[in-house]
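Report on one structure; see the data block that follows.
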Amino acid sequence: MAVACGLLVLGAVSGPFATASAQNLDAGKSAPKLFAEGCAACHSSARGLAKGRFSLTLFLFLQQHYASNSSSAWALTSYLESVDEAPRGRSRAASAKPAAGTPRSSPRPPMPVPQR
């Protein structure tokens, strides 16, 4: 009888809390929105945050410290890497034209090594 009474009390105490379930606060949000809501307070720009980091280590860090689930952490990882990628095509230095009046020199072979 005492066991049944204890279970009844336990059920009455945990009853209201048993119906509450965890909610994913990041569900349905794009990666830029996740960044704006969770990271922009300390980081003014997403550019440079993923520089020099492996995807897996960045993902694990974000999952442990900032994201509420693994899909949000992957979305943030992908977003941070995408804003750090160099623009495709020719680089700025390669596309720069020489100043007016300075001819481009043609590539020449190296000078021969003098004999001693």
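The values are calculated or read from the model by the stated rules, or taken from the named source; none is laboratory data. The model shown is predicted, which means the values in this text are computed figures rather than measured ones. Counting neighbours? That spans all protein chains shown, and the Cβs are built from the backbone with ideal geometry, glycine included.
Scanning the range 33-55 for residues that are within 10 Å of the chain's Cα centre (by Cα) and either closer than 13 Å to Trp74 by Cβ or outside any loop (DSSP other than H, G, I, E, B) (or both) yields Phe35, Ala50, Ser55. Between Ser55, Ser71, the distinction of being at pLDDT 90 or above, closer than 18 Å to Asn24 by Cβ and exposed (fewer than 15 other Cβ atoms within 10 Å of the Cβ) belongs to Ser71 only.
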